[in-house]
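In what follows, a structure is listed as structure tokens, so that the remarks can point back to it.
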């Protein structure tokens, strides 16, 4: 089998940030890296799950909602993938991501889609943990630019 593109990135060099992972036709996959890979500090499952619900809901309710294809977690629990149409500029993608995580950092109330009839694992959520992780990522994205969206070599 061929090695997929994301496995060709040297994960030992990755730092928290936002990167263009790949471009497929009119779809751009962004690597939203919250944690350093392979260092033992990963997103806790409950916080990751809650962030998935909050960020996906925010993105799909934003002004860019018609250009949001997907938002979901990485299996390694170091971040998320965001897939947007290529009509979204890199700057707009950064702003959407920063705003979505700021929303999550300040969120109070009932987690969207977290009832048994709406979610396959509705009991495994951690809003305080999600808020903490989101706030940390907002700090990472302060001053982030399109020029920084390239994986380290």
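The values are calculated or read from the model by the stated rules, or taken from the named source; none is laboratory data. The shown structure was predicted, so the numbers you read here are calculated from the model rather than taken from an experiment. Cβ placement follows ideal geometry from the backbone for every residue including glycine, while neighbour counts extend to all protein chains displayed.
Key figures for this structure:
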item: Filtered residue count, region 65-79, keeping only those that are farther than 13 Å from residue 112 by Cβ, buried (at least 18 other Cβ atoms within 10 Å of the Cβ) and touching a helix residue (DSSP H, G or I) at 6+ places or on another chain (Cβ under 7 Å); result: 2
item: Neighbours by Cβ (under 7 Å, 6+ apart or cross-chain): first from region 135-152, in contact (Cβ under 8 Å) with a residue 24 or more places away in the chain; second surrounded by fewer than 14 Cβ atoms within 10 Å (Cβ to Cβ) and assigned to a helix (DSSP H, G or I); result: 146/91; 152/13
item: Test: residue in region 37-48 that is modelled with pLDDT of 95 or more, farther than 16 Å from residue 136 by Cα and within 13 Å of the chain's Cα centre (by Cα); result: no
item: Those residues of region 81-121 which are touching a strand residue (DSSP E or B) at 6+ places or on another chain (Cβ under 8 Å), surrounded by fewer than 19 Cβ atoms within 10 Å (Cβ to Cβ) and closer than 14 Å to residue 56 by Cβ, in sequence order; result: 81, 83
item: Check on residue 105, more than 16 Å from residue 16 (Cβ to Cβ) and either more than 16 Å from the chain's Cα centre (by Cα) or touching a residue at least 12 places away in the same chain (Cβ under 8 Å) (or both); result: no
item: Criterion (closer than 26 Å to residue 22 by Cβ and either without any contact (Cβ under 8 Å) to a residue 24 or more places away in the chain or in a helix (DSSP H, G or I) (or both)) met by exactly one of 110, 91; result: 91
item: Count of residues meeting criterion [in contact (Cβ under 8 Å) with a residue 60 or more places away in the chain, out of contact with any strand residue (DSSP E or B) (no Cβ under 7 Å at 6 or more places or on another chain) and under 21 Å from residue 11 (Cβ atoms)] in region 22-46; result: 4
item: Answer from 118, 124 - the residue that is over 19 Å from residue 15 (Cβ atoms), touching a helix residue (DSSP H, G or I) at 6+ places or on another chain (Cβ under 6 Å), assigned to a loop (DSSP other than H, G, I, E, B) and modelled with pLDDT of 95 or more; result: 124
